[in-house]
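Notes for the one structure printed next.
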Amino acid sequence: GMVDAGPKPLQGRKVIVTSGPTHEPIDPVRYIANRSSGKQGHSIAAALARLGADVRLISGPVTIPDPVGVTTVHVETATEMLGAVEAQLPADIAVMVAAVADWRVAASADQKIKKQPGEAPAPLALTENPDILKTVGHHAQRPKLVVGFAAETQNVETNGRAKLERKGADLIVANDVSPETGVMGGDHNRVNIIAADGIDVWPDLSKNDVAERLAALIAARFAG
Ligand code: CTP
Ligand code: CA
């Protein structure tokens, strides 16, 4: 079938992919999260598998199905996602696509927080989540190729390049996620590929076509 067609440049290579949002509990019924459908990360996982890779997809909560030909691990929080990623090391390549919540609730409640009618709610104290990409990019068992994303609403290239350096990534896929672009939740994406040696601006593509091109680029960079 289609899954088996074509050359297999990543045959035998282990690749970790993160995808989707994370959910950070406030109490048993409420959470904070980033907007993310998981479409781009899941399609990248599938595209890498079609190139022969042994893909370990660490997925936050999404409504789309697990990709074909991929081993999927389901997690909820950023802390769980980091643990699941580190449990897959060593690996050859890591592609961190997840829209990880930057903060979690410092002390989530064991019981549902009841509203007090007419009273302002207590403020939520937040604490910073671990940075999974940065951890992997500086890890003792760092994969040979580390790829991140940068979701920006302005200054896409400057912010993307800062993330490349700060997080120890080889490539950053920077995209404009302003509401007017329709990228969030939609089926297309417009990305800039940022590397230490330059930037490549890709045209407007479907998320599947971004995945195909990125998987091919990853295979070429890994070989080179
Ligand atoms: N990322 C991660 N763990 C986090 C936050 C981000 O692994 N706790 C990864 C994302 O998967 C992505 C990259 O880091 O590959 C950039 O995420 P982004 O949210 O754009 O960057 P941040 O460093 O969180 O900065 P900010 O949200 O302030 O722009
Ligand atoms: Ca962030």
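A simple count of charges around VAL75, restricted to other residues whose Cβ falls under 15 Å of its Cβ and scoring Lys, Arg +1 and Asp, Glu -1, yields -3.
On C-alpha positions alone, give me the angle between the axis of helix 78-87 and the longest principal axis of the chain, in degrees, nearest 10. With rounding to tens, the tilt is 40 degrees. The string of couplings for segment 111-128 from the Karplus curve (6.51, -1.76, 1.60, θ = phi - 60°) is 10, 4, 6, 8, 6, 10, x, x, 10, 5, x, 5, x, 8, 7, 10, 9, 6 Hz, one whole number per residue in order, with x for Gly and Pro.
Qualifying trypsin sites (Lys or Arg not before Pro) in segment 1-110, where qualification requires a DSSP coil assignment and no more than 12 other C-beta atoms within 10 Å, comprise ARG35.
Counting only DSSP beta bridges whose two residues both lie in the chain, roughly 40 percent are antiparallel.
The phi torsions of segment 33-44, fed into the Karplus equation with coefficients 6.51, -1.76 and 1.60 and a -60° offset, translate into couplings of 7, 8, 6, 6, 8, x, 4, 5, x, 5, 6, 5 Hz, rounded to whole numbers, with Gly and Pro shown as x.
Of the two radii for segment 143-224, the radius of gyration is 0.96 times the Kirkwood radius, both from the alpha carbons; that is the Rg over Rh value.
When the square roots of the Cα gyration tensor eigenvalues are ordered a ≥ b ≥ c, the ratio a/c for segment 48-88 is 1.5 or more and a/b does not exceed b/c, which makes its shape oblate.
Using Cα pairs closer than 8 Å and at least 6 residues apart in sequence, work out the relative contact order for segment 1-137, in percent. Before the final figure, lay out each step's value.
Details: 285 pairs, mean separation 42.3, N = 137.
Contact order relative to length: 31 percent.
Between TRP103 and ASN129, the built amide H atoms are under 5 Å apart, and every one of these is 5 or more places off in sequence or on another chain.
Tell me, what % of the accessible area of the chain is carbon and sulfur with a 1.4 angstrom probe? Here carbon and sulfur together make up 52 percent of the probe-accessible area.
Simple rule: put +1 on each Lys or Arg Cβ and -1 on each Asp or Glu Cβ in the chain, find the dipole, and look at ILE113, ILE132, ILE93; the Cα lying farthest toward the positive end is ILE93. Note on LYS114: aspartates and glutamates with a C-alpha under 13 Å away, same-chain residues under 8 apart excluded, are ASP27. Only helices enter the 222 nm calculation for the chain: every DSSP H run of n ≥ 4 contributes -39,500 (n - 2.57), and dividing by all residues gives -8000 deg cm²/dmol, rounded to 500.
In the context of the full set of protein chains, segment 1-126 has a per residue accessible area of 53 Å² (1.4 Å probe). Amide H contacts under 5 Å for HIS188: LYS207, restricted to partners 5 or more places along the chain or on a different chain, H placed in the peptide plane at 1.01 Å from N. Distance from the C-alpha centroid of segment 152-200 to that of segment 45-86: 21 Å, rounded to the whole angstrom.
The amide H of VAL55, built 1.01 Å from its N in the peptide plane, has VAL15, THR71 as neighbours under 5 Å, considering only residues 5 or more places off or on other chains.
The values are calculated or read from the model by the stated rules, or taken from the named source; none is laboratory data. In this text, all values refer to a predicted model and were calculated from it rather than measured experimentally. Positions of Cβ are backbone-derived with ideal geometry, glycine not excepted, and every protein chain shown enters the neighbour counts. Calculation scope for accessible area: heavy atoms of the full protein, side chains included, ligands and nucleic acids excluded. Shrake-Rupley method; radii C 1.70, N 1.55, O 1.52, S 1.80 Å.
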